[in-house]
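Single-structure report; data block below.
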Amino acid sequence: MTTETATVAEIATAASPSAPPSRSKVVWGRFISNKGSLAGAVAVVLLFLLAFVGPVFSSYQYTDVDYTALQEPPSGAHWFGTDQIGRDMFTLTLRGLQKSLLIGLLVAMFSTVLASIVGACAGYFGGWVDRVAMFVVDLMLVFPAFLIISIMSPMFKESGWIAFVGLLAVFGWMITARVVRSMTLSLKDQEFVRAARFMGVHPFRIILRHILPNMASFLIIDATIAVGGAIMAETGLSYFGFGVQSPDVSLGTLISLGEPSALTQPWMFYFAAGLLVLFVLAVNLMGDGLRDALDPTSDRVSRKQRRAIAREAKAVREKAAAALAANTSPTSTHETPGSRA
């Protein structure tokens with residue numbers, strides 16, 4: 001009897017699964033298992049290091065002018081060549097990359113926060129709050145954002161690029177707000193939200209502590225993808241002269257300045273254009289990877305999870321079978337001579 005009890009206990013111990021990993025470890029494992037998203041994340045980190053650390057290794061500032069080297073091709077003195085007035089294209093391009101990255105990050109952050117607040121309040125409170133918020137959203141979706149920003153940007157020229165960030169953020173939150181509203185409508189009837197409401201928790205505290213955290217995965221993905229969209233919008237506006245103003249530069253202004261010389265002096269155009277394409281592609285890859293890692297219903301994640309679960313179940317079965325075989329072998333039985341009789 002004692003032997004049978006020990007055998008059952010050992011088999012149960014062998015078959016029992018280990019402690020489940022935390023959500024952060026699971027998400028991180030899903031993210032790094034996606035080669036495309038990992039490559040995108042590495043590219044984004046390297047571009048940030050290039051933009052903010054690269055100018056340290058150059059002997060020129062982006063405002064310096066070398067009158068002895070006008071439209072010179074890349075060389076040891078000027079790694080990316082020079083432009084029409086002798087400015088070093090390496091430091092000039094990295095300055096433009098810095099500005100575009102800052103604008104993209106700030107616009108994505110401000111627009112996501114604004115969309116979260118408006119959409120969550122509209123979905124949670126309903127009534128006239130919902131009607132007014134959705135009327136504003138529909139009204140702003142009708143306005144041509146590119147045309148309005150191009151008209152209003154000269155009015156804020158003295159305020160610098162921060163005002164330009166505000167204009168881009170004001171016209172970049174409406175669709176996200178609609179999605180947040182629909183998600184809030186489904187979350188506010190859940191038991192944990194109803195329990196908090198019955199306990200007298202303030203509505204804004206419920207929104208901040210219970211509703212928005214439950215859509216954090218969507219907001220993170222949306223903010224990540226919005227960075228690339230904001231940089232493309234800034235590039236387009238700066239290309240037509242409505243974005244970052246001289247003497248400061250961005251990737252859009254550099255592409256605009258180098259476009260007439262794209263065939264004769266390609267270094268004035270293709271370095272800035274290449275960095276823009278590389279960053280937007282890397283951000284989109286990273287956003288796709290975050291979506292797959294945070295969304296357990298993704299087809300790609302589901303296949304990987306099924307394979308991982310199958311491998312773990314097979315290992316547990318093999319371990320349990322080995323333990324059972326070891327405890328039922330002839331050398332491990334405890335029979336007495338009188339037991340056979």
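Numbers for the structure displayed
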| read-out | value |
| --- | --- |
| At most 13 other Cβ within 10 Å, DSSP loop - chymotrypsin sites (Phe, Trp or Tyr not before Pro), region 233-291 | F240 |
| Total formal charge among the other residues, if their Cβ is under 13 angstrom from that of V137, Lys/Arg +1 and Asp/Glu -1 | +1 |
| Filtered chymotrypsin sites (Phe, Trp or Tyr not before Pro), region 51-96: DSSP coil and at most 11 other beta carbons within 10 Å | Y67 |
| Global geometry of region 158-231, whether rounded, prolate or oblate, following the gyration tensor of its Cα atoms and the 1.5 cut on a/c | prolate |
| Around P266: net Lys/Arg minus Asp/Glu count, Cβ-Cβ under 14 Å | -3 |
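Here, each number is a calculation from the coordinates, and none is a lab measurement. Worth saying up front: this structure is predicted, and the values here are computed from it rather than measured. Neighbour counts run over all protein chains shown; Cβ positions are idealised from the backbone, glycine included.
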